[in-house]
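The values are calculated or read from the model by the stated rules, or taken from the named source; none is laboratory data. All of these numbers come straight from a predicted model, not from anything done at the bench. Cβ placement follows ideal geometry from the backbone for every residue including glycine, while neighbour counts extend to all protein chains displayed. Just the protein is used for accessible areas: all its heavy atoms, side chains included, with ligands, DNA and RNA removed. Shrake-Rupley method; radii C 1.70, N 1.55, O 1.52, S 1.80 Å.
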Amino acid sequence: MPELPEVEALRRALDEPVSAFPVEQAGPAHVATLKTFDPPLSALEGRRFEGVRRRGKRLLFPTDDGELVVLLHQMTKGRIRYLRAGEEGPKAPAFRLRFQGGGQFVLTEAGPKKRAGVWLLSPAAAEAELAHLGPDALEVDEERLAEILASDQRRLHSLLRDQRAIAGIGRAWANEILHTAGLSPYAASGGLTSEQVHSLAEAIDSELRRGLELRERGAKDAKVYRVHDKLGEPCFVCGTPIARVDFEEHTIYYCPQCQTGGRVLKDRRLSRLLR
């Protein structure tokens, strides 16, 4: 799933082109992708977006008259492209906007399951839709992070991925952040020392900004990630092979030497098999 660095890089790339011309045609949209029906998509036609905003992993496209907001969440397999006039696009995207200048905004989603979502809302309804999200990960300072950690007793990897606690981090960047901070993915969020909280706060900021810089330059996963999806490859710090813990919905990658003092982490499924 695209996370904060990927979504913010996309926001910056889309901000100018989607605000250059009014919408000429809104839709079509896949029945599973469009989550609202009132107002209809046609209400966007003739209106201009003021630009693109981001809230966590979601993108918002407010109209410049202040009346409507398109809210979009790519989920795992949704991908967004802006096609300039004359560029050929997909025949049946999950969602499309055509602009008067000839450009197109398209959302596609691979596979039979359509999980990406598009909402057309009033500004107040959009705010309510996002009210459950925690503070943006790039805006969480050390003091606020300490409060978030102290208020919970969960494994760090789980807490970092919880959008209600901190918005924008998913499994991939949780792996990168925890490695940089030198912390175990299984460490209890409420049991960190002040030095560890400081290290984690610095790692959140530095890793997300590193990722954003690389994504803006067009870097692919292999160049961006140093720990995530690197099973068996040598840790770039100490040379120890990167290890992995598999869960049903996500996978943790970590360095046993840098993060867990040589201890190999086990998931519950593996533990049951070893009994």
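Things worth noting here:
- Residues located in segment 181-196, provided they are crowded, with 20+ Cβ neighbours inside 10 Å and not in a loop (DSSP other than H, G, I, E, B): Ala181, Ser189
- Qualifying residue in segment 194-216 (condition: of a type in the set (Lys, Arg), free of Cβ contacts under 8 Å to residues at least 60 places away in the same chain and farther than 23 Å from Cys255 by Cα): no
- The requirement of being of a type outside the set (Val, Ile, Thr), free of Cβ contacts under 8 Å to residues at least 24 places away in the same chain and farther than 15 Å from Val197 by Cα is satisfied by Glu139.
- Residues considered: Ala222, Ala203. Of these, the only one that is open to solvent by 60 Å² or more (accessible area, probe 1.4 Å) and assigned to a helix (DSSP H, G or I) is Ala222.
- The residue that is least open to solvent (accessible area, probe 1.4 Å), among those in segment 227-253 that are more than 29 Å from Glu147 (Cβ to Cβ) and charged (D, E, K, R), is Lys230.
- Some residue of segment 140-150 being under 15 Å from Lys57 (Cβ atoms) and acidic (Asp, Glu): no
- Residues (of a type in the set (D, E, K, R) and either under 15 Å from the mean Cα position of the chain (by Cα) or surrounded by 22 or more Cβ atoms within 10 Å (Cβ to Cβ) (or both)) located in segment 149-180: Arg161, Asp162, Arg164, Arg171, Glu176
- Inter-residue pairs, beta-carbon under 6 Å, first closer than 11 Å to Ala201 by Cα and at pLDDT 95 or above and in segment 171-182, second of a type outside the set (Val, Ile, Thr) and in a helix (DSSP H, G or I), 6+ apart: Ile177/Ala203; Ile177/Glu207; Thr180/Ala203; Thr180/Glu207; Ala181/Ser199; Ala181/Leu200; Ala181/Ala203
- Index of the failed condition, Ala146 passing every other in (1) in contact (Cβ under 8 Å) with a residue 12 or more places away in the chain; (2) part of a loop (DSSP other than H, G, I, E, B); (3) open to solvent by 20 Å² or more (accessible area, probe 1.4 Å): (2)
- Any hit, segment 85-104, residues being modelled with pLDDT of 95 or more, under 16 Å from the mean Cα position of the chain (by Cα) and of a type outside the set (Gly, Ala, Ser): no
- Within segment 2-52, being part of a loop (DSSP other than H, G, I, E, B), open to solvent by 30 Å² or more (accessible area, probe 1.4 Å) and either closer than 15 Å to Leu121 by Cα or touching a Pro at 6+ places or on another chain (Cβ under 9 Å) (or both) holds for His30, Lys35, Phe37, Asp38, Pro39, Pro40, Glu45, Gly46, Arg47, Arg48, Glu50.
- A single member of Arg226, Arg215, Arg210 is under 25 Å from Glu139 (Cα atoms) and touching a Cys at 6+ places or on another chain (Cβ under 9 Å), and it is Arg226.
- Positions within segment 14-27 being closer than 15 Å to Ile80 by Cα and of a type outside the set (D, E, K, R), in sequence order: Leu14, Pro17, Val18, Gly27
- In segment 121-134, the residues that are in a helix (DSSP H, G or I) form Cβ pairs under 8 Å with partners that are open to solvent by 40 Å² or more (accessible area, probe 1.4 Å), at six or more places apart or across chains, as follows: Pro123/Gly66; Pro123/Glu67; Ala126/Trp119; Glu129/Trp119.
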